[in-house]
Each structure stands twice: as C-alpha cells, then as structure tokens.
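The structure appears below as structure tokens.
The values are calculated or read from the model by the stated rules, or taken from the named source; none is laboratory data. Fair warning: this is a prediction, and the values are worked out from it, not measured in the lab. As a convention, Cβ positions derive from the backbone with ideal geometry for all residues, glycine included, and neighbour counts pool all protein chains shown. Ligands, DNA and RNA are stripped out before the accessible areas are found, and what is left, the full protein with its side chains, is counted by its heavy atoms. Shrake-Rupley method; radii C 1.70, N 1.55, O 1.52, S 1.80 Å.
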Amino acid sequence: MSPTARPAPAASAAGAAGPPERAARLPAPPRRRRSRFLAPPWWFAAPALLVYALIVLYPSASGIVYAFTDWNGIGDRSFVGVDNFDRLLRDDAARGSLVNTLLLTVAIVVVQNGIGLLLALGVHTRIRSRAVLRVVFFAPAVVSPVMVAFLWKYVYNPAPDAGLNGILGAVGLGSLRQDWLGDPSLALWSVAGMVIWQFSGYSMVIFLAGLEGVPVELHEAAMIDGAGRFQRFRSVTWPLLAPAVTINVMLSTIGGLKLFDQVYAATSGGPGHASETLSTVLYKQAFVFGNYGYSTAIALVLALFVAAVSLIQIRYLRGREVA
C-alpha cells in the first residue's frame, strides 16, 4: 500500500453501500405561495363584487362628497363645508322627524317583539293547528309594505261605517271612532300599528327557532324540582332565548330607524309633520324640493346614527348572551 494513498471518505462508502431509502435527500424547493385573493373562488365572485361596487359602494362614497355641497341634482355643485349639517341642526321639521323616528322605533321594538314572543310561545305547543297558525301569523311579513299600507288605509277609513270605525260601531263602541290617519295625535301610532301587525309574525319565527333549541331535559328537571310554568320560562327558556332576542331587537331597531314605505304610502308624513320620519324628510328634500346636497347630509347622519345604535346594541346584547 502506497504511503500517499488515502482511504475513501466514510460517508461516501456508507452512501454507496447503504440502502436507497437511507440516502440523503435534498430539501424540496420552496413553493411559491399564491395570494388568497387570486384563488379561484375570488374569480367567480369578481363579477358580482364589481357590480356591487358600482351600484352600492361608489354611490355611497359619492354621497359623502355631495353632503358637503349645494348640488340641486342638475348642473355644477359648489363646496359649502358643514352648512348642510348646520341647517339640519336648525331645521324644526328635521328635529321633529327625529323625535318621531325614535318614538316609532321604541314602539316597534317593544310591542312587535312582545307580540312575537307571545305568538311563538302559543304555537310552540302540541295543538293540532300549530302549523296552520304559524303560516297565518307569518304571512303578512311576505307582503309588500306598500300593499299593507294601502290595506290599512282602508282599515283606518274615517267614515263611521267603514273599516275599524265600522267594527267599533257594530260592537257598541262607537264613541271610540277616530280619524286614525287624519288626527295629528294618532297618525304616528296608527302607522306603528300597521308595522307591528305586519312584522310580529317575523319576530315569532325567530323566537320559535330559539324555542326549538331549548333542551326538553332542562324543563323536565325544573318540573321535578317543583318549578312552575312562569319559573321555568324565567329561569330556563328566557336565558336560552338570548340569541333570538339579539337578532329580533337588532332587526326591529334598524327597520324602525329607517322606516319609509309604510309612512309615505299611508300619510306622506302628515297631517302636517305629525308622522314625518327622517327617511321621509330625506326623500322630500331630494325629490320634491331638489335639495340633493342637504338630503345627502340627512342620509349620512341617518346612516351614522343607525350604525352607532346598532353597535351599542350588539355589544350589550352579545354580552348578555355570554353572561
């Protein structure tokens, strides 16, 4: 053996003699990560998102700009700063419409959800007609609000022998006949009545879904402990209805704050400004008086107000669900 000869490296010999699966493997090259916004699902959503951006997002963003102008819907516009918002604060009709909107919203939220809960408890039983009753109570919610308004205009007919007045006279309560939509002290509450009638069934369906999720075992355990019907509702059913309460309160609050169809179709905000809401004032300023800049400022304030109220409600009601 030559003194200059050197043995082969041990690693090389082991690599040549060892089995193939033990051979050293080179790490795979890193894969190029594709952005999740370029994934195929977004390709299918892109056309709808584009249409939504053109029809909803762009006009909404433009409305923010128009709220600070004096645009009349035609021609050029000039920047007026916060003059529209200052005018809104000094406008007696706008302030009165805000009060009416809040009163309508409180009445709708309280009465509509109360009736909806009672209806849900009533049809959540073993009576044979429960399926029919559910359909009957929910049916008004799928009717157009304008159609409901015209229907109730007949019900509120001021003639002594028509509609509600005729029923009152037939049962001997003729002294209670009223001009339901023509009396400034009754017009707002008459509109609230038609809205509550239409959407109480909608609230019933949501409460009914919550009742279906209450475990029967909890009621049976409470009955064994001697709890009565009201105690079982207060201690078992009501806490578990918290998600349904959150949904109903949120929907009825938003619907009340932006209420327009029923008010405009039934009273057009009258008599005078007795049933005027922020939505009807907004509409009239834009399409009757041509004050598009001012109406856009009202719309912006209304949108921010609804968003703030909804945020406060959701934080409080979600905290109640967790508790």
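Each 10 Å bin from zero up to the one holding the largest Cα-Cα distance in the chain carries the following percent of pairs: 5, 17, 21, 20, 14, 7, 4, 4, 4, 3, 2, 1, 0, 0. With the whole protein complex present, Asp225 retains an accessible surface near 130 Å², based on a 1.4 Å probe. Net charge in the neighbourhood of Tyr294 (other residues with Cβ under 10 Å of its Cβ; Lys, Arg +1, Asp, Glu -1) is -2. For the range 129-276, carbon and sulfur atoms together expose 67% of the accessible surface, with a 1.4 angstrom probe and every protein chain in place. Amide hydrogen proximity for Leu259: with H placed 1.01 Å from N in the peptide plane, no residue at 5 or more positions away or on another chain lies under 5 Å. So, counting K/R as plus one and D/E as minus one, what does the shell of residues with Cβ under 14 Å around Lys284 add up to? Taking every other residue near Lys284 into account, the sum is -2. Projecting the Cα atoms of Ala297, Ala242, Gly269 onto the charge dipole of the range 231-323, computed from C-beta unit charges around the Cα centre, puts Ala242 farthest toward the positive end. Shown in residue order for the range 138-146 are the 3J(HN,Hα) couplings computed by the Karplus curve 6.51 cos²θ - 1.76 cosθ + 1.60 at θ = phi - 60°: 7, 3, x, 5, 9, 8, 4, x, 5 Hz (x for Gly and Pro). Rounded to the nearest 20 debye, the dipole size of the chain about its Cα centre is 1740 debye, using +1 on the Cβ of Lys and Arg and -1 on the Cβ of Asp and Glu. Over the range 130-289, accessible surface divided per residue gives 51 Å², non-protein components excluded, 1.4 Å probe. Among residues other than Ile314 with Cβ under 13 Å from its Cβ, the summed charge is +2 (Lys and Arg +1, Asp and Glu -1). Sequentially through the range 306-311, phi angles give Karplus couplings (6.51, -1.76, 1.60; θ = phi - 60°) of 4, 5, 5, 4, 5, 5 Hz, Gly and Pro residues having no value and appearing as x.
For the range 78-153, which trypsin sites (Lys or Arg not before Pro) are in a loop by DSSP, counting at most 10 other Cβ atoms within 10 Å? Let's see the in-between values first.
Working: sites: Arg87, Arg90, Arg95, Arg126, Arg128, Arg130, Arg134, Lys153; in loops: Arg126, Arg128.
Passing sites in the range 78-153 are Arg126, Arg128.
Quick check on the range 87-133: what does the Kirkwood estimate of hydrodynamic radius come out to from the alpha carbon pairs, in Å?
Numbers: mean 1/r = 0.0745 Å⁻¹.
Kirkwood hydrodynamic radius for the range 87-133: 13.4 Å.
Scalar couplings 3J(HN,Hα) for the range 169-181, obtained by applying the Karplus form with A = 6.51, B = -1.76, C = 1.60 to θ = phi - 60°, are x, 5, 9, x, 10, x, 5, 8, 4, 9, 8, 4, 9 Hz; x denotes Gly and Pro.
Between amide H atoms placed 1.01 Å from N, distances below 5 Å from Thr69 occur with Val80, all of them 5 or more places distant or on a separate chain.
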